[in-house]
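All remarks here apply to the structure that follows.
The values are calculated or read from the model by the stated rules, or taken from the named source; none is laboratory data. Quick caveat, the model's predicted, so the values are computed rather than measured. With ideal geometry, Cβ positions are generated from the backbone for all residues, glycine too; neighbour counts draw on all protein chains shown. Areas reflect the complete protein model, heavy atoms only, side chains present, ligands, DNA and RNA absent. Shrake-Rupley method; radii C 1.70, N 1.55, O 1.52, S 1.80 Å.
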Amino acid sequence: MGSSSASCLNPQIDPNLVLKSSLSASDVKAPVRFPSPARMGFEGKSQPKIVEGERGYVLEDVPHLTDYLPGLPTYPNPLQDNPAYSVVKQYFVNVDDTVAQKIVVHKSSPRGTHFRRSGPRQKVYFESDEVHACIVTCGGLCPGLNTVIREIVCGLHHMYGVNRVLGIQGGYKGFYARNTINLTPKSVNDIHKRGGTILGTSRGGHDTAKIVDSIEDRGINQVYIIGGDGTQKGASVIYEEIERRGLKVAVAGIPKTIDNDIAVIDKSFGFDTAVEEAQRAINAAHVEAESVENGIGVVKLMGRYSGFIAMYATLASRDVDCCLIPESPFYLEGHGGLFEYMEKRLKEQGHMVLVVAEGAGQDLIAESLRSMSVEDPSGNKLLLDVGLWLSEKIRCHFAKKPKMPVTLKYIDPTYMIRAIPSNASDNVYCTLLAHSAIHGAMAGYTGFTTGPVNGRHAYIPFYRITETQNKVVITDRMWARLLSSTNQPSFLNSHIIEESKKEEESPPTQLLDGENCMENGVVDASLP
């Protein structure tokens with residue numbers, strides 16, 4: 001069938017979120033290329049593929065196999081003969097459909113940055129019988145990994161008739177140092193009910209030459225890489241080496257981080273599950289705290305550099321009296337400090353619950369107790385347990401106040417949360433991510449990661465999701481909602497607040513672009 005309109009695949013989403021780049025030849029300027037951003041530990045050399053149009057339209061496109069292999073043959077998409085898709089009004093997305101990065105704009109604003117919309121194309125660049133795909137999972141565990149694996153295998157088989165899918169065991173090093181397993185719809189049928197990853201995972205182990213040698217030797221021509229920003233940086237240089245060698249191999253990334261700190265996309269898979277499971281720990285801490293006089297429950301949640309899990313779990317719980325995150329500095333002693341607030345809270349209600357993200361307060365831990373130069377194989381700085389440190393500081397403080405004895409319980413559910421299966425919401429989301437990656441690879445796109453932007457799935461260049469990390473904006477409405485919910489002080493002096501506002505200041509057309517204005521893909525209804 002013909003190409004679809006912008007809203008045909010999901011009528012529940014405002015079609016205005018998707019803009020079609022109907023540009024004439026005179027409208028489109030030559031692609032603008034810039035040096036690629038520095039990659040931590042990776043010597044990337046790829047350049048952005050930028051297309052500019054009238055009224056400020058900018059498409060940050062992703063690479064295509066024909067960029068370096070011109071003249072590749074195309075084939076009809078098998079989906080047009082798939083009975084499951086016979087009920088779909090239009091099989092394919094329009095080749096010119098794009099997704100706008102900004103959803104809130106002024107009437108005089110330029111059209112802004114767009115990304116190529118994901119979805120099935122009318123023509124594909126692989127025949128089903130020629131596809132030999134592989135899947136690898138890297139980095140830490142996250143709910144939903146097995147679901148993504150399952151849906152890639154089943155999606156390739158049921159939608160495109162692909163029967164050869166290889167599982168790379170043990171992360172990047174598995175390409176050259178571990179066994180592989182054949183994945184079939186039957187073998188992965190029930191894996192979404194289990195936590196972790198059936199392929200195993202590891203940090204580090206990235207040797208670009210060895211990995212691409214293995215890909216070439218095995219005849220692999222589609223590579224699906226599931227992992228966080230460090231993993232995606234590795235995927236980027238794998239793509240660059242494949243391009244340098246002139247191989248017909250599509251490289252597709254699926255972003256994974258339980259902390260929800262991947263840039264550009266609305267949220268990462270596993271986040272909803274993590275927030276939901278964190279409620280169990282917070283509820284346990286609340287029960288323990290309210291059952292004794294001056295009870296204090298301390299819960300440490302994940303969030304190395306971004307406090308999204310702690311913030312959303314606090315807002316969802318309504319039992320938390322104080323939430324501490326990496327983005328918002330705090331102090332312990334003195335007027336307006338944490339201890340003063342805790343004393344006030346205990347006098348008012350006789351108990352309290354404190355949630356702390358793992359990356360919070362690291363600057364307060366004595367320098368002699370820290371190892372600033374120590375990193376894990378993925379390049380992440382090793383942090384000390386702020387939960388244990390803070391719990392001990394609280395105990396010591398109240399030990400000096402014999403008239404206010406406290407009972408403190410410390411709960412760290414970190415690895416329990418990471419290891420559980422994904423919930424219903426994340427399971428659906430993982431399916432959409434997997435299918436978007438499959439459609440992109442079959443259509444010849446490469447060097448991309450996929451994810452929702454303003455509620456629409458898009459193909460995003462690797463450099464856009466690896467150049468920065470999403471963080472909670474402490475001058476945004478979402479953090480204000482948390483402060484209002486917990487009644488905790490901000491722990492910020494006026495100088496810090498002013499500096500934060502200056503960092504977030506933008507031209508008038510971008511005043512509403514804080515990371516928290518888009519709350520998990522839903523526009524903040526409180527925005528003007």
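The listed residues 396, 322, once ranked by accessible area (1.4 Å probe) with the largest placed first, stand as 396, 322.
Where the accessible area of the stretch 174-262 is counted over protein heavy atoms with a 1.4 Å probe, how much of it, in %, is carbon and sulfur?
Answer for the stretch 174-262 is 40 percent, counting heavy atoms of protein chains only.
Is there a pair in 123/233; 107/471; 344/471; 123/248; 347/401; 102/267 whose C-alpha atoms are over 18 Å apart, and which pairs would that be? Distance filter (> 18 Å) returns 123/233; 107/471; 344/471. The 1.4 Å probe gives accessible areas that order 391, 485, largest first, as 485, 391.
To the nearest 0.05, what FRET efficiency results for residue 176 and residue 69 with a Förster distance of 22 Å applied to their C-beta separation? In this case the efficiency is close to 0.30. Taking 397, 114 and ordering them by how much accessible surface each has at a 1.4 Å probe, largest first, produces 397, 114.
Counted by Cβ distance under 11 Å from residue 356, the other residues give a net charge of -2, where Lys and Arg count +1 and Asp and Glu count -1. Gain on full extension, evaluated as 0.36 nm per residue between residue 333 and residue 348 minus their Cα-Cα distance, stands at 3.4 nm. Positive end of the dipole of the stretch 230-295 (Cβ unit charges, origin at the Cα centre): among 275, 239, 294, the Cα lying farthest that way belongs to 239. Placing a label point 7 Å from the Cα of residue 187 along the Cα-to-Cβ direction, the residues of the stretch 214-229 whose backbone N falls under 20 Å from that point are 214-226.
From most to least packed by mean Cβ count within 10 Å, the peptides 333-339, 216-222 give 216-222, 333-339. Can you check what the net charge comes to around residue 130, using other residues whose Cβ is under 11 Å from the Cβ of residue 130 (Lys, Arg +1; Asp, Glu -1)? After counting each charged neighbour, the total is 0.
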